[in-house]
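Colleague: Sending over a structure as structure tokens; questions will come in a sec.
Taken together, the values in this text are just the output of simple stated rules run on the coordinates, not laboratory data. Quick caveat, the model's predicted, so the values are computed rather than measured. So basically every Cβ, Gly included, is an ideal-geometry build from the backbone, and we count neighbours across all protein chains shown.
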Amino acid sequence: MGMRVTTCITAVVCTLLLTACGSFPRNPPLARYDPSAGYRFDQLEQGSNSDELFVILVFSGGGTRAAALSYGVLEALRDTRIQWKNQTISLLDEVDVISSISGGSFPAAYYALYGSRIFDEFPNRFLYRPVQTDLLKLALTPAGLLKLAGPSFGRSDLAAEFYDREVFGAGTYADVIAHRRRPFVILNATDMTIGAQFPFIQDQFDLLCSDLSGVSLGRAAAASSAFPGALTPLTFQNYAGTCGYRQPEWVDLAVKDHKSRVNVGRTARAERRLSYTDTEQAPRNYIHLTDGGVADNIGLREPLTAIASVNNSWSVLRLINLKKVNKLVVIVVNAATEPATNRDKTPDVPGLVDTVTAAATVPLDNYSFDTLEMLRKTVNEFNEEMRLISGCKALALGKGTQCALDIPAPHQIEFFPVEVAFEYIGPARERRWFKNLPTSFELPRETVDKLRTIARQVLSEDREFTRLMKALHGCLAVDGQRC
Amino acid sequence: MEYVKVTYPTNRFVYIDGEKSGSTNEVLRVDAGTHVFELGKRANYEPASQEVIVEGTTVLFPMAIAFVRKGG
């Protein structure tokens, strides 16, 4: 009898313990695919934000360092006055899209949820907070340890709960959709299996037949910043095949080009989309997302696709062809560092940690370099068109007015690629100091404030930003000076 | 970047791969590859659609894609 009671109690305790173990919160299924609903660029109301001046912000990864630098740029844009359509307005009011990675996703998500309240609340809610220590303490509590014992619940799930509770006030994409206003904020994570960017927008969640409106911003930010090793990937359920989803027309067309390789990038994008909706050959029941920086630590690849392709859910190229955009501004906030090392001061063979760290970070840094080069090439491509047409006209006209040519040109835009990075800090000593800041989710208050200040400084000194200010009769006050 | 010029006797919208992407008789930018060109729901034009591989164009020599009035 006693033995039986003990067994029963043990069974009950085990059951209770098992149920206490965490399991990832399910992303909700989508009842029915509806391209006119959900978090999509074309579903947001423009209000007074015009397409003619199209502004894209890109926030890189880099922990609190990146969050503070991006936040500093938001503050500077708020304070930038421009003359637009016979009115003096803030440049921040003209921002159309924000694409963010990892640390940069925190100010991006907060701005998506709370708009200008970010300037009163975000520093204390996130930037000045010892987030890393708070997360560690949370993981070491009995409740935290018990939750982490579950096989489908990791440290990033715990972090997501913390961000929901302490940073984003449990806000979900339903709250963001309810505002129906620009900017369209895209938090990016990385799909571990296909190594590609996974943006938190309904167009991506359609592939999973999942409803993004039921996903919290804390969870999206946690996925975007799930730094490999320190934080675990996050799991999302794939309900593909249950909502009547149809791929956009270009996907089949791009797949047709697989053999001819006429545009391998476009074909690869199409095939990646199909990997989510394949329910027969190689179904992917669960999608595991890690830090957005693994696929692109700048956050610029998705905007570059939108600028150079008509096959994108928020294609800027389509808007340009429709003559809606006249000025295109891309402001890249890049918090990349270049930590000093003593490696080359000694003949000693570099240690394992040093070697593995270099192997992990060097390809990422090189990829980021190439991503920024792609932006410059894209700008050149647009500028080259006009140079070519003008050159031909001038050559023909040189033969006499009877030879004047009327060459039809595509709609011309002015392109302003702006870059805010430590690399462009003038004084070498100051530049070195910023380039040696650690990647962490907590920084001293003074460091955060210095990052906010330097963001404004570098932005105001950027050559392209200066050109933009001239074009818009605008001004950004720095060092307490007035415009 | 590739360039196309979709021609039609009047000015109307051009749909590339099902999305409104510009107007007829103007040079449009498009990414390389196979695309479907149409002129929208008012089907008073022919052919009804054209599937074309766009590649090797320049801004000076866009690919010409011609539509005509139906029965015209």
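Colleague: Taking every DSSP beta bridge with both residues inside the stretch A:86-210, roughly what % is antiparallel (nearest 5)? Write down the numbers at each step before the final one.
Modeller: Working: 4 of 9 bridges.
For the stretch A:86-210, the DSSP antiparallel bridge percentage is about 45.
Colleague: Moving on. Can you tell me the relative contact order of the stretch B:21-64? Whole percent, Cα pairs under 8 Å, sequence separation 6 or more.
Modeller: 38
Colleague: Give the percent of DSSP beta bridges with both residues in the protein assembly as shown that are antiparallel, rounded to the nearest 5.
Modeller: 50
Colleague: Quick one: which residues, 5 or more positions from B:G22 or on another chain, have an amide H under 5 Å from its amide H? H modelled 1.01 Å from N in the peptide plane, none for Pro or chain starts.
Modeller: Close amide H contacts, sequence-distant or interchain: B:V14.
Colleague: Ranked highest first by the average count of other Cβ atoms within 10 Å around their residues, in what order do A:212-223, A:259-270, A:373-384 fall?
Modeller: A:212-223, A:259-270, A:373-384
Colleague: Just want to confirm a number: the relative contact order over chain A, from Cα pairs under 8 angstrom separated by 6+ residues, in percent.
Modeller: Here the relative contact order equals 24 percent.
Colleague: Could you state the angle between the C-alpha long axis of helix A:2-20 and the longest principal axis of the C-alpha atoms of chain A, as a value from 0 to 90 degrees rounded to the nearest 10?
Modeller: 10
Colleague: Pull out the extension gain between A:N436 and A:D278, defined as 0.36 nm times the separation in residues minus the alpha carbon to alpha carbon distance; nm, one decimal. Working shown, then result.
Modeller: Working: separation 158, 0.36 × 158 = 56.88 nm, distance 4.50 nm.
Here the segment from A:N436 to A:D278 would lengthen by 52.4 nm.
Colleague: Find, among the GluC sites (Glu not before Pro) in the stretch A:242-300, those assigned to loop by DSSP (not H, G, I, E, B) with at most 10 other beta-carbon atoms within 10 angstrom.
Modeller: A:E280
Colleague: Another one. Residue by residue through the stretch A:237-252, what is 3J(HN,Hα) from phi via Karplus (6.51 cos²θ - 1.76 cosθ + 1.60, θ = phi - 60°)? Round to whole Hz and write x for glycine and proline.
Modeller: Values per residue, Gly and Pro as x: 7, 9, 9, 3, x, 10, 10, x, 6, 10, 5, x, 4, 5, 5, 4 Hz.
Colleague: A:F119 versus A:Y424, label points 7 Å from Cα toward the beta carbon: distance in nm?
Modeller: A separation of 2.2 nm, rounded to one decimal place.
Colleague: Sticking with this one: How crowded by other chains is A:383-391, given as the mean number of beta carbons from other chains within 10 Å of each beta carbon?
Modeller: 2
Colleague: List, in order, the whole-Hz ³J(HN,Hα) value for each residue of the stretch A:423-435 obtained from phi through the Karplus relation with A = 6.51, B = -1.76, C = 1.60 and θ = phi - 60°; use x for Gly and Pro.
Modeller: Per-residue couplings from phi come out as 3, 9, 6, x, x, 4, 5, 5, 4, 4, 4, 5, 6 Hz.
Colleague: Helix-only estimate, please: 222 nm mean residue ellipticity of chain A, summing -39500 (n - 2.57) across DSSP H runs of length 4 or more and dividing by its residues, to the nearest 500.
Modeller: -13500 deg cm²/dmol
Colleague: On to the next question. Under a crude label model (7 Å from the Cα following the beta-carbon direction), how far is A:K377 from A:D79 in nanometres?
Modeller: 3.8
Colleague: Once both axes come from the Cα atoms, what is the angle between helix A:131-140 and the longest principal axis of chain A, in degrees from 0 to 90, rounded to 10?
Modeller: Computed tilt is about 20 degrees.
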